[in-house]
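First comes the structure, then the notes that go with it.
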Amino acid sequence: MLFWNVDGQSIVRDAPKGAMNYVVGGQGTKSEGSWAPEEPFGMWESAGTIVEPRSLFLQQLADRLGPDAVDAITVPAQRTGRIRGALRAWAGEGRLADHL
């Protein structure tokens, strides 16, 4: 599993048997889970830092289908910054655009 630019209080990234979890970028405290305590803790690069590209998914989409594909599924705020605060304020009620 790969976590890219995560933002959380606690990030549990235990590796399951025979696999490895990765965290690239992001902010949060590394926490040991109970999934497989005998397994490695997983790999973490750029802890405490937001890395570029901001969204791995949107970069892969742009590489595959071009920037118009990204524009078709996002709003400008998603392409230029972080919208977690707006998502929390929206909480699924009404229009997300009213909170951006």
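The values are calculated or read from the model by the stated rules, or taken from the named source; none is laboratory data. Values in this document were obtained by computation on a predicted structure and should not be read as measured data. Because the Cβ atoms are built from the backbone with ideal geometry, glycine has one as well, and the counts that use them run over all protein chains shown.
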- prompt: For segment 52-67, what are the residues that are among the acidic types (Asp, Glu) and either touching a helix residue (DSSP H, G or I) at 6+ places or on another chain (Cβ under 9 Å) or in the same structural domain as residue 23 (by TED's automatic domain parsing) (or both)?
  reply: 52
query: Any idea which of 54, 84 is within 22 Å of residue 97 (Cβ to Cβ) and surrounded by 14 or more Cβ atoms within 10 Å (Cβ to Cβ)?
result: 54
